[in-house]
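Heads up, the thing below is written out as C-alpha cells.
The values are calculated or read from the model by the stated rules, or taken from the named source; none is laboratory data. Computed from a predicted structure; not experimentally measured. Here the Cβ positions follow ideal geometry from the backbone for every residue, glycine too, while neighbour counts run over all protein chains shown.
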Amino acid sequence: MTELETFRTETRVWLEENCPEEMRGSTRGEEDICWGGLRWEFRSEAQKTWLQRMASKGWTVPAWPQEYGGGGLSKDEVKILKEEMRAIKARSPLESFGIWMLGPALLKYGAHEQKLHFLRPIARGEIRWCQGYSEPNAGSDLASLQCKCEDKGDHWLVNGQKIWTSYADESDWIFVLVRTDSTATKHNGISFILVDMSAPGVSTKPIKLISGKSPFCETFFDDVKTPKEHSVGVSAVVGEINRGWDVAKYLLTHEREMISAGGGGLFGGRGLGEVAAQDVGLENGRLADPILRAKIAQAEIDGWAFLLTLERMKDEAKSGQGVGANSSMLKYYGTEFNKRRFELMMDSGGSDSLEWEGERSEDGKLARSWLRTKGNSIEGGTSEVQLNIIAKRILDLPNA
Amino acid sequence: MPLVLTEEQEMLRDAARGFLDEKAPVSALRKLRDSDDATGFDRDLWKEMAEMGWAGILVEEEYGGADFGFVGAGILSEEMGRTLTASPFLSTSILAATALKKIAASSQKEEHLPKLAAGATLYALAVDEGRKHAPSKTALFAEKAGNGFKLSGAKTFVADGHVADKIIVAARTAGAPGEEAGLTLFLIDASAKGLTSNRTIMVDNRNAARIEFDAVEATGGDVLGEVDGGYLALEGVLNAGRAGLAAEMSGASQQAFSMTLDYLRERKQFGQSLGSFQALQHRAAHLYSEIEMMKSAILKALQDLDAHYGMAGPICTLAKAKAGEVAKLAAIEAVQLHGGIGMTDEFDIGFYLKRIRVAQEMFGDSAFHADRLAQMRGY
Ligand SMILES: Cc1cc2nc3c(=O)[nH]c(=O)nc-3n(C[C@H](O)[C@H](O)[C@H](O)COP(=O)(O)OP(=O)(O)OC[C@H]3O[C@@H](n4cnc5c(N)ncnc54)[C@H](O)[C@@H]3O)c2cc1C
C-alpha cells in the first residue's frame, strides 16, 4: 500500500469511530453550522464532541502546520480527508472567518509569535473573528477607507466606523483595516490590525437584511485603545505598518476562494432537476414545463463544469497556496451561478416558494435563502469588481 | 486522479504546439481552400503526423500505436484546434481507433490497427442521416441476404467520408428508426459496389461527405461487435468523438480569444486602447471564465474515458454541451471585438467562427446534449 492509501484507510477508520451519528447527513442550513467562539452555545452534545475530536487531530484546519493547531497534512492528504468525510456525510466540525480568512493571512504575513498566539484558538474554535473592511464610504473602492488609527506610544488609538461586518455582534475579535498614514497615497497608508472587541469603545449595531435576518452589523470604534502588543512579542499589527493593503488583498483571495467553494453553503441541498421533478412533475419522463427543463439542464451543465473547475484550480495550485487571482474568476462564476440556481428553484416552486411564514414553508426557508443569495455577488467584492480584477491581473488589459 | 496534465502529457502538448505552429498554421488551411484541394488536407503532413505517432495515439503498442490514451488524443485535438489544422485525425485516429479498439474482434484488430496507426489507411464513421444528430433514428437498413447483408440507405455529414478507405457505418438490422435496439456496426470498403460518396464542401472548408448505399454487400466478417446490439458500442465511440471535438473547439476558442486580447491591447480608439474600456474588459473576463469552465469539463471527460470508458457518457455529454456554448461565444465575441476587420476574409478570425460552427453541430449540439443530460438525470 502506498502511504496515501494507508492514510486513507486510517482516516476512514478514525472517522467511522469518531464522527457522532448526529453529525452525519448534509447540513440543512445555517442552524447546523458550528462557528465556535467564546459565546458559542453548542447546538448539541454531538456538535461539541465532534469539534473537540477533530480539533485534537488538527483536522478543523488540516493543512495548517501542527505547531499552529493544524493537521500538517499535505495537499493530497487534505483531499483524501475531505473525500472520506464526504463519503460518510460528515459535517464540517467548524467554520469561521478565522479559518477562511485570518488564518491564511497570518500564515503568510504573520510573525511566528502572532501565529502561535492566534492560530490555535482559531483551530480549536475558541475565538470567533469578524472582518472589519468595508466602511460607509469605502465599498468597492476599499482602499479609500478612513477608519483612523493613531500611534500613541504604548498603544494604538482607533476611531471610525465599519459597516456590513458579518456576525460582528457574535464575534470576539475583529481584524480591521485602518488608516495609519493619511498623508500617503491611498494604498500606502493602510495597516491590518487585530482588535479585541471587548475593549471599551467597540460597539455593534445589527442591520436587518432583506431576508429578514440580521447577520451583519455596523461596527463603531470610539477612542478604542489597542495595545501595541497583545502579549509579549505578539504585535497587534499584521505585516508591516502602512503595508496592510498587501495583507488585505491576500486575505481577499482566500475569502473569494472560500465563497466559491461553497464555504457559506453555496451548493447545499438537492439538485435542481430533482427539486423541479417533485415540484412540477414529469410527463413522459420529462419535466412538465419544457422551458424550465431546458433552463435547468443548462444550469446543471454550468454548475457541474464549475465544480470541476474548482477541483482543477485546487489541483493546479501549489501545495499550501491558494489559487491566486483565479479566486476572482471562481468567485464571480460561482456566485452568479448560485443566484441563477435559486431563481430557478423559485420558478420551480411557484407560489409555494413565496410563503414567508408558517410551518409548511419552514418560515419561508426557500424565499429567505433566495434573498440571501443576492448578497453572494456583493460580499467579498462584487461581481463587477471581480471582472475588473480578471481583466487586469489575469488578462493583462490596460487601465483606462 | 488530479485534474491536471502529467509531465508526459505536457511534453506531448508542447511538442504538438511547436510542430503545428511551424507546419500547419491557419495559412495552411487557407491555402488548401484557395487551391480547391480535392482531398481537403495535406497528405504529406498526415504522413509526418503518423510518423510522430499521432495517427495511432490511441492504438496499443502491440499494433504499432503510441497508446497515449484519450487525454493524449485530446491534447492533439486541442492543439489542432488552435491552428485549425485539417487532417483525418478525428475520423481515423479517434473515432475509428476507438471503435476498433473497443469493439472489434482480435482478427479485425490485427488487420486494421497497424495500418491505422501507420496512417496508411483512412477511416470514416457514418452515423447521421438527417440534419440533426440522432443515432437512434438510424434508418439505413442492412437486410439479411444469405450469409451476409445488403445495406441500403444514405448517410450525411460523414467527416472525411470522401477520402476514407474504409467506412464504419451504423445500420439498422432490426427494429424501427427511433429505437436504440436493432443497430449493427459494419466496416465497409469505400470502393464496395453500390457505395457512392460525394464530397460536401462545408462552411469550414473541411471534409465531409454524403454517402449512398445501394444494396452494398457485407459479410458477417464485416460486422463490428454484435448484430442488433450495436447502439451502446456506437455510443462509446461517439462519446470519444464528442470529447475529442470538444477539445478541438477548446483549442480554437482559446486561440480566437488570445487573438482578441492582443487586438484589444493594440488597437486604439478615442485615444486609448480598446482593452481599457470596462465594457469590453468585462466581456473578456466573462469569456475567460467560461473558457476555464469548458477546459475543466473536457479534461475530466478525457480522463474518465481513459479510466472508466463505459461510464463516461454523462461527462462527455457535459464536455460537448459546454464546448458548444462556450466556443460559440468565443467565436462571436472574437468577430465583434475585432470590428470590421473581423469580417474580412483576409483576416483569420472568420476561419475560427466557421470551424467552431461545424464542430458545434457534429455529434450533437449543446441542445442535444442538454436534453441528454436531463434524461440521464431523470427529468
Ligand atoms: C451579505 C454580505 C456580507 C458582508 N460581509 C462583510 C464583512 O463581514 N466585512 C466587511 O468588511 N464587508 C462585508 N460586506 C460588504 C461588501 O464587501 C461590500 O458591500 C462590497 O464590497 C460592495 O461595496 P458597497 O456595498 O459599498 O457597494 P458599491 O461599491 O457602492 O457598489 C455599488 C455597485 O456599483 C458597482 N461598482 C462599484 N465600483 C465599480 C467599478 N469600479 N466598476 C464597475 N462597477 C462598479 C458594484 O459592483 C455594485 O454593483 C458584506 C456584504 C454583504 C452583502
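Across the stretch B:277-293, the number of residues qualifying as at the interface with chain A (Cβ under 7 Å from one of its Cβ atoms) and aliphatic (A, V, I, L, M) comes to 3.
When you look at A:Asn388, is it in the same structural domain as A:Met258 (by TED's automatic domain parsing), free of Cβ contacts under 8 Å to residues at least 40 places away in the same chain and out of contact with any Leu (no Cβ under 9 Å at 6 or more places or on another chain), yes or no? Spell out the reasoning first.
Details: in the same structural domain as A:Met258 (by TED's automatic domain parsing): yes; free of Cβ contacts under 8 Å to residues at least 40 places away in the same chain: yes; out of contact with any Leu (no Cβ under 9 Å at 6 or more places or on another chain): yes.
When the stated conditions are applied, A:Asn388 passes them.
Considering only the stretch B:294-379, give the helices (runs of 4 or more DSSP H) lying wholly within it that have at least 1 residues that are within 14 Å of chain A (Cβ to nearest Cβ).
Numbers: elements: B:313-338, B:349-361, B:366-376.
Helices (runs of 4 or more DSSP H) meeting the threshold: B:313-338, B:366-376.
Of all residues being surrounded by 22 or more Cβ atoms within 10 Å (Cβ to Cβ) and assigned to a helix (DSSP H, G or I) in the stretch A:101-113, which is nearest to the ligand (Cβ to nearest atom)? Just the residue, please. Steps first, answer last, please.
Restricting attention to the stretch A:101-113, the residues satisfying the condition of being surrounded by 22 or more Cβ atoms within 10 Å (Cβ to Cβ) are A:101-106, A:110.
Keeping just the survivors that are assigned to a helix (DSSP H, G or I) gives A:101-106.
Details: A:Met101: 9, A:Leu102: 12, A:Gly103: 16, A:Pro104: 16, A:Ala105: 14, A:Leu106: 17 Å.
Per the criteria, the residue is A:Met101.
The number of residues in the stretch A:102-156 that are without any contact (Cβ under 8 Å) to a residue 40 or more places away in the chain and among the charged types (D, E, K, R) comes to 5.
State all residues of the stretch A:368-384 that are part of a loop (DSSP other than H, G, I, E, B) and among the β-branched types (Val, Ile, Thr); if no residue qualifies, say none. First the steps, then the outcome.
Residues of the stretch A:368-384 that are part of a loop (DSSP other than H, G, I, E, B), as a first pass: A:374-382.
Selection gives A:Ile378, A:Thr382.
For the stretch B:326-350, a tally of residues being surrounded by 21 or more Cβ atoms within 10 Å (Cβ to Cβ) and under 17 Å from the mean Cα position of the chain (by Cα) returns 2.
The listed residues are A:Asn338, A:Asn376, and the only one of them that is within 16 Å of the ligand (Cβ to nearest atom), modelled with pLDDT under 95, away from chain B (no Cβ under 14 Å) and within 17 Å of A:Ala276 (Cα to Cα) turns out to be A:Asn338. Going residue by residue through the stretch A:230-240, is there one that turns out to be more than 14 Å from every other protein chain (Cβ to nearest Cβ) and within 14 Å of the ligand (Cβ to nearest atom)? There is no residue in the stretch A:230-240 that is more than 14 Å from every other protein chain (Cβ to nearest Cβ) and within 14 Å of the ligand (Cβ to nearest atom).
Please give the strands (runs of 3 or more DSSP E) falling wholly within the stretch B:160-269 in which 3 or more residues are modelled with pLDDT of 95 or more and more than 23 Å from the chain's Cα centre (by Cα). So that I can check it myself, show each step before the final result.
Working: elements: B:166-172, B:183-189, B:195-199, B:208-218.
Those strands (runs of 3 or more DSSP E) span B:208-218.
Any idea which residue in the stretch A:71-130 is modelled with the lowest pLDDT, counting only those that are in contact with a Ser or Thr (Cβ under 7 Å, 6 or more places away or on another chain) and either of a type in the set (Asp, Glu) or on the phi > 0 side of the Ramachandran plot (or both)? Among them, the one singled out is A:Lys89. Among the residues of the stretch A:166-176, write down those that are hydroxyl-bearing (Ser, Thr, Tyr) and surrounded by 24 or more Cβ atoms within 10 Å (Cβ to Cβ). Within the stretch A:166-176, A:Ser171 is the sole residue that qualifies. Would it be correct to say that B:Gly40 is under 24 Å from B:Ser191 (Cα atoms) and either touching a strand residue (DSSP E or B) at 6+ places or on another chain (Cβ under 8 Å) or small (Gly, Ala, Ser) (or both)? When the stated conditions are applied, B:Gly40 passes them.
Of everything in the stretch A:117-171, what is hydrophobic (A, V, I, L, M, F, W, C) and either within 14 Å of chain B (Cβ to nearest Cβ) or away from the ligand (no atom under 12 Å from the Cβ) (or both)? Give them in sequence order. Steps first, please.
Of the stretch A:117-171, the ones hydrophobic (A, V, I, L, M, F, W, C) are A:118-119, A:122-123, A:127, A:129-130, A:138, A:142-143, A:145, A:147, A:149, A:156-158, A:163-164, A:168.
Listed by number, the residues that qualify are A:Phe118, A:Leu119, A:Ile122, A:Ala123, A:Ile127, A:Cys149, A:Trp156, A:Leu157, A:Val158.
Scanning the stretch A:65-79 for residues that are buried (at least 19 other Cβ atoms within 10 Å of the Cβ) and either within 16 Å of the ligand (Cβ to nearest atom) or in contact (Cβ under 8 Å) with a residue 24 or more places away in the chain (or both) yields A:Tyr68, A:Gly69, A:Gly70.
Can you confirm whether the stretch A:314-324 contains a residue that is at pLDDT below 95, crowded, with 18+ Cβ neighbours inside 10 Å and within 14 Å of chain B (Cβ to nearest Cβ)?
Just the residues of the stretch A:314-324 that are at pLDDT below 95, to begin with: A:314-324.
Then keep just the ones that are crowded, with 18+ Cβ neighbours inside 10 Å; that gives A:314, A:322-323.
Going one step further and asking which of them are within 14 Å of chain B (Cβ to nearest Cβ), we end up with A:314, A:323.
Within the stretch A:314-324, one or more residues are at pLDDT below 95, crowded, with 18+ Cβ neighbours inside 10 Å and within 14 Å of chain B (Cβ to nearest Cβ).
Looking at B:Leu90, B:Leu76, B:Leu100, B:Leu58, just one residue is in contact with a strand residue (DSSP E or B) (Cβ under 8 Å, 6 or more places away or on another chain), modelled with pLDDT of 95 or more and over 24 Å from B:Glu212 (Cβ atoms), and that residue is B:Leu100.
In the stretch B:302-320, the qualifying residues are those that are within 30 Å of B:His282 (Cβ to Cβ) and in contact with a Phe, Trp or Tyr (Cβ under 8 Å, 6 or more places away or on another chain), and the one that is surrounded by the fewest Cβ atoms within 10 Å (Cβ to Cβ) is B:Leu318. Checking each residue in the stretch A:203-226 for being under 19 Å from A:Asp154 (Cα atoms) and surrounded by 15 or more Cβ atoms within 10 Å (Cβ to Cβ) picks out A:Phe221, A:Val224, A:Thr226. Being farther than 16 Å from B:Arg242 by Cα, touching a strand residue (DSSP E or B) at 6+ places or on another chain (Cβ under 8 Å), charged (D, E, K, R) and not assigned by TED's automatic domain parsing to the domain that holds B:Ala86 is the requirement here; does B:Lys137 meet it? Here the answer is no, as B:Lys137 does not meet what is asked.
Does A:Asp181 satisfy the criteria of being modelled with pLDDT under 95, more than 14 Å from every other protein chain (Cβ to nearest Cβ) and more than 15 Å from the ligand (Cβ to nearest atom)? Give the derivation first.
Values: modelled with pLDDT under 95: no; more than 14 Å from every other protein chain (Cβ to nearest Cβ): yes; more than 15 Å from the ligand (Cβ to nearest atom): yes.
No, not satisfied.
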